[in-house]
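The values are calculated or read from the model by the stated rules, or taken from the named source; none is laboratory data. For clarity, every value in this text was computed on a predicted model and none was experimentally measured. Cβ: placed from backbone, ideal geometry, glycine included. Neighbour counts: every protein chain shown.
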């Protein structure tokens, strides 16, 4: 009897890597600058169809004003959450520049306070 096969997750099945919104906008700027989709795909190490999809979703991507690091655009997400995220990113950056340690619990507490203030 031969060796047992491992589950696909254990074998090293590639996982999808999300592309941040900032990177998508950068890709669109390069495409608008005259670069070909294939060249952009090669530069970012992505499939050309992925870059083509980003180009096809141009209007939606450019119209989105999301917090830094956002990778997905949710359809039914309230605008107040976008505002909370923006203020939270600014607050965390200020704390880090001041040399303060910021834990997940502190971030959650601040997010709740911001949400309450914005309502």
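If a residue must be assigned to a loop (DSSP other than H, G, I, E, B), surrounded by 14 or more Cβ atoms within 10 Å (Cβ to Cβ) and modelled with pLDDT of 90 or more, how many such residues does the range 1-43 contain?
Of the residues in the range 1-43, 1 are assigned to a loop (DSSP other than H, G, I, E, B), surrounded by 14 or more Cβ atoms within 10 Å (Cβ to Cβ) and modelled with pLDDT of 90 or more.
Within the range 85-101, how many residues turn out to be exposed (fewer than 14 other Cβ atoms within 10 Å of the Cβ) and either over 23 Å from residue 18 (Cα atoms) or at pLDDT below 90 (or both)?
Taking the range 85-101 first, the residues exposed (fewer than 14 other Cβ atoms within 10 Å of the Cβ) are 90, 93-94, 96-101.
Remaining after also requiring either over 23 Å from residue 18 (Cα atoms) or at pLDDT below 90 (or both): 94, 96-101.
Count: 7.
So which residues in the range 44-66 are part of a helix (DSSP H, G or I) and without any contact (Cβ under 8 Å) to a residue 12 or more places away in the chain, if there are any at all?
Taking the range 44-66 as the starting set, the residues that turn out to be part of a helix (DSSP H, G or I) are 44, 48-56, 58-63.
Hits for the range 44-66 are 48, 49, 53, 56, 59, 63.
Considering only the range 44-84, state which residues are modelled with pLDDT under 70, under 18 Å from residue 29 (Cβ atoms) and surrounded by 15 or more Cβ atoms within 10 Å (Cβ to Cβ).
Of everything in the range 44-84, those that are modelled with pLDDT under 70, under 18 Å from residue 29 (Cβ atoms) and surrounded by 15 or more Cβ atoms within 10 Å (Cβ to Cβ) turn out to be 66, 70.
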